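Report on one structure; see the data block that follows.
What follows is calculated from the coordinates using simple rules that are stated; it is not laboratory data. Worth saying up front: this structure is predicted, and the values here are computed from it rather than measured. Counting neighbours? That spans all protein chains shown, and the Cβs are built from the backbone with ideal geometry, glycine included.
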Amino acid sequence: MLVLVTYDVNTDTTAGRKRLRHVAKLCIDYGQRVQNSVFECSVTPAEFVEVKEKLLEIIDVESDSIRFYLLGKNWQKRIETIGRDDSYDPDAGVLLL
């Protein structure tokens with residue numbers, strides 16, 4: 001299933017900047033960065049639970065935010081792009097130009 005992971009980590013402190021780097025590194029392990037704080041992740045349901053648990057261990061729930069958009073298996077019909085589109089097909093693992 002395709003999951004869009006978006007995050008906003010408070011970087012006012014050194015600890016916040018460290019959390020931001022850790023969140024980004026973890027998301028890279030599961031998907032492709034499509035914008036600064038947005039990742040498209042093609043994961044199994046078990047991997048989705050795993051990534052959520054790992055992210056919960058990293059973030060500060062009082063000052064950070066992570067949102068998950070579950071796009072499912074037919075995600076190609078649910079994504080529209082306006083402007084520059086360096087599309088990534090997470091199922092094929094290739095950049096579509």
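Between residue 1 and residue 25, the simple label model (points 7 Å from Cα in the Cβ direction) yields a spacing of 2.8 nm.
Note down the relative contact order for region 1-50 as a percent, whole number, built from C-alpha pairs under 8 angstrom at least six residues apart. That works out to 45 percent.
Across the options 45, 22, 58, the greatest Cα extent toward the positive end of the charge dipole of region 1-74 (unit charges at beta carbon of Lys, Arg, Asp, Glu) belongs to 22. In this label model, residue 57 and residue 44 are separated by 1.9 nm, measuring between points 7 Å along each Cα→Cβ vector.
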